[in-house]
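First the structure, in the form of C-alpha cells, and then the observations on it.
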C-alpha cells in the first residue's frame, strides 16, 4: 500500500497524533544522567529517597529525549519532516520512574509558513503520560515541507 | 578552603555564570540520534549533506542535554540546587557540528519563591556558543533552596 506523506498544509490546528509506548528502565535513567545530568536524584536510589522527587527519577532532559523518540517514530513515517527549530516550552510535572511506560498525545497548536522557502513550522503540544497520569508537556516545532516542495 | 553555597536569595536578576567547555564528537552525535532522534541528518553524513542543516549536526535535544551537563557542572558545586521543573524555552539557532567546542553563558532572568516550601525557582537564559557564534538559547529553571532551608 502506498501512502501519501502529510505536508505542512495537512497540519491544521487541533489535529492530534498519538505516539509511544516507551518503556523506561533504571539502566537508561542512570546512563543518561551520568552523561548529561549527574544530579544525585537521577543517579542513586538511596540519595533520591530524600530528594524532592522522593525516589529515583529520570532527568527532565531525558524525558524530553524519550518524547522526541516517540515523536520521531510517530511523525517520520507519515510526514515530510525536515528537522526542527526548538521547543517553545517544556514542563516536567511528575517524576518519570523506572518501570513507567510512556505514551504521547501531540496536538497541533500553531502553524507558520516560511516567507521564503517551501517549508513551514508546526508547533505541537506533546502531552506525555505514564500508566496513571500526565508527567510532562513538551512542545516540539518540526519543519515540514509544503506540498509545493515535493 | 570552605565555600558557602549559593542559595535562592543569591540569584539576583542579571547575575551571570559561565560554563563549559564541552567538546562535541561525531560518535556522540550519532549515538544520541540513534537512541532518541533518528532523523537522517543526525545519523548519516551523506544524507545530511542534502538536508536543511547542510551536513551532519547534533539533535537539538542533544544540544539541550550537553547544555544541561555544562549547567550542572557549573552550578552543582556552588549552589544548593534541588532539581528542576522545566525549560520555558529552547531555540536551536545554528547547527552543532562534530569538532565544535561549546561554552555557556547563563543569566538569571526570573526568580520566584515558593509560597509553601523553603525553595525558589530560578530561570536562567543559557546562551550556548561554539568557537565562532551563538548556536542556541536554552532556558533552565532549577529549584534552589532558600537560606532558611539549610
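The values are calculated or read from the model by the stated rules, or taken from the named source; none is laboratory data. Because the structure is predicted, anything quoted here is derived from the model rather than measured. For neighbour counting, all protein chains shown are included, and Cβ atoms are generated from backbone atoms with ideal geometry for every residue, glycine included.
At a glance:
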| item | result |
| --- | --- |
| Matching entry among B:35, B:28 (being farther than 30 Å from residue B:144 by Cβ, modelled with pLDDT of 95 or more, surrounded by fewer than 22 Cβ atoms within 10 Å (Cβ to Cβ) and within 12 Å of another protein chain (Cβ to nearest Cβ)) | B:35 |
| When residues of segment A:77-95 are limited to those that are at the interface with chain B (Cβ under 7 Å from one of its Cβ atoms) and in a loop (DSSP other than H, G, I, E, B), the one surrounded by the most Cβ atoms within 10 Å (Cβ to Cβ) | A:88 |
| Considering residues of segment B:7-25 that are in a loop (DSSP other than H, G, I, E, B) and surrounded by 13 or more Cβ atoms within 10 Å (Cβ to Cβ) only, the residue nearest to the other protein chains (Cβ to nearest Cβ) | B:24 |
| Conditions (1) under 18 Å from residue B:19 (Cα atoms); (2) in contact with a helix residue (DSSP H, G or I) (Cβ under 9 Å, 6 or more places away or on another chain); number of the one not met by residue B:70 | (2) |
| Qualifying residue in segment A:44-64 (condition: more than 9 Å from chain B (Cβ to nearest Cβ), surrounded by 17 or more Cβ atoms within 10 Å (Cβ to Cβ), without any contact (Cβ under 8 Å) to a residue 40 or more places away in the chain and touching a helix residue (DSSP H, G or I) at 6+ places or on another chain (Cβ under 6 Å)) | yes |
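Let's see how each residue does on (1) in a strand (DSSP E or B); (2) within 23 Å of residue B:21 (Cα to Cα); (3) away from every other protein chain (no Cβ under 12 Å):
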residue	(1), (2), (3)
B:110	yes, no, yes
B:116	no, no, yes
B:120	yes, no, yes
B:124	yes, yes, yes
B:127	yes, yes, yes
B:132	no, yes, yes
B:137	yes, yes, no
B:143	yes, no, no
B:148	no, no, yes
